[in-house]
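Inspection log for the structure reproduced underneath, given as structure tokens.
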Amino acid sequence: MKILVIEDDPTVGEFVRRGLEEQRWQTDLCNNGLEGERMALSQPYDLVILDMRLPGRNGLDVLRTLRSSGFERPVLVLTAQDAVDAKVETLRAGADDYVTKPFAFEELLARAEALLRRPRALASPQLRVGDLELDQGTREVLRAGELIELTPKEFAVLEYLMRHAGRVMSRTLITEYAWGYHFDPGTNIVDVVINHLRKKIDARFDKKLITTVRGVGYMIRS
């Protein structure tokens, strides 16, 4: 599981991050509303834990922007407001659940687990770019109907690029998704995996799908 925590209080943020990582959940921590919004829309998180009082952009505006941008993953709100109308407002803005501060970590964890157990009814398990198809459920990849065998890391990198088809993804973002936030950013492993993908996906076809944007990263497009 990959979780994004958007919380400006360093004590609370670290408390939540450590607790989630003890559950073996990969956790990113952000303390600014605008930056948290950018991260949530650029990476495939399984859950966002969102504080309401944030610098840069308040949590309610971040929540509304995420939902209007098509973000479908669950959002768990942290709020210091116990008033019923404030809670109703966050739910109507698109929150899936909320926890009132101060809170016990056991309650936060239980609510997060409940949200993650919900079926993603609106999320399609299949990604398609041109004649390239990737099934997130069966983990099969087809190009022009031909099955392509990929390693787990090759699959993860391809899935990430296809989720963001038509957009340039930096090596840092690809590394964070496929290898985890603490993977050495100085390695050339992303370039190695991209070369392997090109040999398997593009080499025998006239139309090349994977593009290098020099000095920035990689993009896949039909």
Just give me the residues in region 198-221 being more than 23 Å from the chain's Cα centre (by Cα), assigned to a loop (DSSP other than H, G, I, E, B) and not hydrophobic (A, V, I, L, M, F, W, C), in sequence order.
-> ARG204, ASP206, LYS207, LYS208, ARG214, GLY215
Under 7 Å between Cβ atoms, at least 6 apart or on separate chains: pull out the pairs that start in region 88-110 with a residue that is not assigned by the TED database to the domain that holds GLN26 and end on any residue that is at pLDDT below 90 and of a type in the set (Phe, Trp, Tyr).
-> none
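For GLU37, indicate whether it is in a helix (DSSP H, G or I), within 29 Å of THR175 (Cβ to Cβ) and over 16 Å from the mean Cα position of the chain (by Cα).
On the way: in a helix (DSSP H, G or I): yes; within 29 Å of THR175 (Cβ to Cβ): yes; over 16 Å from the mean Cα position of the chain (by Cα): no.
Criteria not met by GLU37.
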Neighbours by Cβ (under 7 Å, 6+ apart or cross-chain): first from region 177-198, more than 25 Å from MET1 (Cα to Cα); second open to solvent by less than 70 Å² (accessible area, probe 1.4 Å) and at pLDDT 95 or above | ARG198/ILE210
Given the structure, is SER222 closer than 24 Å to LEU142 by Cβ, of a type in the set (S, T, N, Q) and modelled with pLDDT under 90?
-> yes
LYS153 vs. criteria part of a helix (DSSP H, G or I), open to solvent by 40 Å² or more (accessible area, probe 1.4 Å), among the basic types (Lys, Arg) and within 25 Å of ARG38 (Cα to Cα) | yes
Flag if THR172 is modelled with pLDDT under 95, surrounded by fewer than 17 Cβ atoms within 10 Å (Cβ to Cβ) and either in a loop (DSSP other than H, G, I, E, B) or outside the structural domain of THR151 (by the TED database) (or both) = no
Selection count, region 67-95, where residues are assigned to a loop (DSSP other than H, G, I, E, B), more than 17 Å from the chain's Cα centre (by Cα) and charged (D, E, K, R) | 1
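The values are calculated or read from the model by the stated rules, or taken from the named source; none is laboratory data. Note that the structure is a prediction, hence the values are computed from the model and not measured. Using ideal geometry, Cβ is built from the backbone for each residue, glycine included, and neighbour counts are taken over all protein chains shown. With ligands, DNA and RNA removed, areas are computed over all heavy atoms of the protein, side chains included. Shrake-Rupley method; radii C 1.70, N 1.55, O 1.52, S 1.80 Å.
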